[in-house]
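The values are calculated or read from the model by the stated rules, or taken from the named source; none is laboratory data. Everything numeric here is computed off the predicted structure, so don't read it as measured data. Cβ coordinates were reconstructed from backbone atoms using ideal geometry, including for glycine residues, and neighbour counts include every protein chain displayed. Ligands, DNA and RNA are stripped out before the accessible areas are found, and what is left, the full protein with its side chains, is counted by its heavy atoms. Shrake-Rupley method; radii C 1.70, N 1.55, O 1.52, S 1.80 Å.
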Amino acid sequence: MAEQDWNVFIEQMNGRMASLRKAIPSVAKEFGGLAREAIAPGVLDPKTKELIALAIGIAARCDGCLAYHAKAAAKYGATREEVAETIGVAVYMGGGPSMIYGAEALSAFDALSEAR
């Protein structure tokens with residue numbers, strides 16, 4: 001996608017997601033609960049879980065996933081080095097396409113961690 005402004009992208013996605021939540025409120029409510037439970041502290045801390053989600057977003061080539069999980073990883077204290085290693089694992093698992101989306105993920109993290 002080569003997003004130019006990840007903050008604007010998140011704002012746009014938030015609007016689209018709000019519209020979707022109105023269209024499917026029960027599903028959206030349950031998905032939100034799933035997300036909260038999946039990221040809640042357990043044996044793995046939320047930062048680690050967000051890095052896993054970021055790696056999956058890279059492998060799945062999901063722009064929205066990159067944005068939301070890069071921002072959340074920064075929120076939970078992930079460093080640029082941790083994100084870079086996460087991208088390395090995603091590239092290992094997903095090959096060339098993950099390399100491209102890994103570059104996008106690092107761009108998102110850089111932009112969204114500065115925004116905090």
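Considering Cα pairs under 8 angstrom that are at least six residues apart, work out the relative contact order of the chain and quote it in whole percent. Relative CO of the chain lands at 30 percent. Under 14 Å from a point placed 7 Å out from the Cα of VAL43 along the Cα-to-Cβ direction: which residues of the stretch 66-106 have their backbone N that close? Under cut-off, by backbone N: nothing.
Under 5 Å from the amide H of ALA78 lies no amide H of any residue 5 or more positions distant or on a separate chain, with H modelled from the backbone and absent for Pro and chain starts. Calculate the length of the line joining the C-alpha centroid of the stretch 38-116 to that of the stretch 1-31, in whole Å. Cα centroid of the stretch 38-116 versus Cα centroid of the stretch 1-31: 18 Å apart.
Within the stretch 7-75, what whole-number % of the accessible surface is contributed by carbon and sulfur, with the 1.4 Å probe and all protein chains included in the calculation?
On the way: 2720 of 4220 Å².
On the stretch 7-75, the fraction of accessible area on carbon and sulfur atoms equals 65 percent.
How far is helix 25-39 tilted, in degrees, relative to the longest principal axis of the Cα atoms in the chain, given as a value from 0 to 90 rounded to the nearest 10? Taking the Cα atoms of the chain, the angle to 25-39 is about 40 degrees. Accessible surface calculations at 1.4 Å, restricted to protein heavy atoms, place the chain at 60 Å² per residue.
Here the sum of -39500 (n - 2.57) over DSSP H runs of 4 or more residues, divided by the residues of the chain, equals -28500 deg cm²/dmol at 222 nm, to the nearest 500. Among the protein heavy atoms, those of ILE24 account for about 70 Å² of accessible surface (1.4 Å probe, every chain in place).
Work out the P(r) tail for the chain: percent of alpha carbon pairs separated by more than 26 Å, whole number. Intermediate results must be reported in sequence, preceding the final value.
Details: 1175 of 6670 pairs.
Here the long-distance tail beyond 26 Å is 18 percent of all Cα pairs in the chain.
Radius of gyration over Kirkwood radius for the stretch 64-114, both on Cα atoms: the Rg/Rh ratio is 0.95.
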